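Participant: One structure coming up, written as structure tokens, with questions to follow.
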Amino acid sequence: MSNRSGPAGETCAAEYLKKSGFQIVERNYRSRFGEIDIIAENGQYIVFAEVKTRQMSSIAEPEAFVTPAKQKRIAKTALLYLQKHPTRLQPRFDVIGIVMGESGTSVLSLHHLKDAFCFPSYY
């Protein structure tokens with residue numbers, strides 16, 4: 001995957017969320033625990049979206065690369081975000097998988113997994 005594929009995939013995912021009625025609140029939000037690619041709101045949910053971008057020749061779907069360890073880092077980062085930015089919106093963790101062409105510039109598919117994982121029970 002070229003270095004342009006990740007940011008291109010995140011931009012594609014942000015545009016998709018906007019078209020789906022979400023307002024993008026943050027991109028690439030970082031904490032000491034990790035990073036959340038996109039934070040978006042739609043009046044009902046605050047969505048913490050992990051975007052995975054892979055080329056067509058990848059061995060698995062992009063969403064398969066969101067491991068339990070990655071989910072834990074995202075959840076911890078989301079908790080920190082919510083402590084600093086209280087909201088009445090329902091939090092939700094989504095994964096958006098983007099498949100790019102071999103050039104790394106054309107989007108072949110986008111798969112949006114809503115509510116892909118939950119806060120671990122020990123939080």
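Read-outs throughout are calculated quantities, based only on the coordinates presented, and are distinct from any laboratory measurement. None of the values given here were measured: they were computed from a predicted structure. All Cβ positions, glycine included, derive from the backbone under ideal geometry; neighbour counts span all protein chains shown.
Participant: Going by C-beta contacts inside 10 Å, put Thr53, Thr67, Thr87, Thr77 in order with the fewest on the left.
Facilitator: On the way: Thr53 26, Thr67 9, Thr87 12, Thr77 20.
Taking fewest neighbouring Cβ atoms as first place, the list is Thr67, Thr87, Thr77, Thr53.
Participant: Per 0.36 nm of contour for each residue apart, how much would the distance between Phe33 and Ala64 grow if the chain were fully extended, relative to their Cα-Cα spacing? Before the final figure, lay out each step's value.
Facilitator: Numbers: separation 31, 0.36 × 31 = 11.16 nm, distance 2.09 nm.
Stretched out fully, the Phe33 to Ala64 stretch lengthens by 9.1 nm.
Participant: Amide H of Glu26 versus every other amide H placed in the peptide plane: which residues, excluding those fewer than 5 positions away on the same chain, fall under 5 Å?
Facilitator: Excluding prolines and chain starts, which carry no amide H, the hits are Ile39.
Participant: A further question on this structure: In which sequence would Ile98, Ile24 go, from the one with the fewest C-beta neighbours within 10 Å to the one with the most?
Facilitator: Details: Ile98 26, Ile24 16.
Fewest-to-most Cβ neighbours within 10 Å comes out as Ile24, Ile98.
Participant: Which one of Val107, Ala69, Gly97 has its Cα pushed farthest toward the positive end of the charge dipole of the stretch 41-108, where Lys and Arg give +1 and Asp and Glu give -1 at the Cβ?
Facilitator: Farthest towards the positive pole: Ala69.
Participant: Next question, about the same structure. To check my understanding: the extent here is largest minus smallest coordinate of the Cα atoms along each principal axis. What are those three numbers for the chain, in Å, largest first?
Facilitator: So the three principal-axis extents are 41, 30, 22 Å.
Participant: Taking the DSSP beta bridges in the chain as the whole, what percent of them are antiparallel, to the nearest 5? If you can, show how the numbers build up before the last one.
Facilitator: Values: 17 of 28 bridges.
Rounded to the nearest five, the antiparallel share is 60 percent.
Participant: Let me ask you something else. Past the 19 Å Cα-Cα mark, which pairs from Lys18/Lys72; Lys19/Lys114; Lys19/Lys76; Lys52/Lys84; Lys19/Lys72; Lys70/Lys114? Each step should come with its number before you reach the end.
Facilitator: Details: Lys18/Lys72 26 Å; Lys19/Lys114 15 Å; Lys19/Lys76 28 Å; Lys52/Lys84 26 Å; Lys19/Lys72 28 Å; Lys70/Lys114 17 Å.
In this structure, Lys18/Lys72; Lys19/Lys76; Lys52/Lys84; Lys19/Lys72 lie more than 19 Å apart at Cα.
Participant: What is the extension gain from Thr87 to Glu15, computed as 0.36 nm multiplied by their sequence separation minus the C-alpha to C-alpha distance, in nm to one decimal? List each step's numbers first, then the result.
Facilitator: On the way: separation 72, 0.36 × 72 = 25.92 nm, distance 2.32 nm.
Stretched out fully, the Thr87 to Glu15 stretch lengthens by 23.6 nm.
Participant: If you don't mind, another one. Rounded to the nearest 20 Debye, what is the dipole magnitude of the chain about its Cα centre when Lys and Arg each give +1 and Asp and Glu each give -1 at the C-beta? Mind showing how you got there, number by number?
Facilitator: Details: 16 positive and 12 negative charges, 86 e Å.
For this selection, approximately 420 debye.
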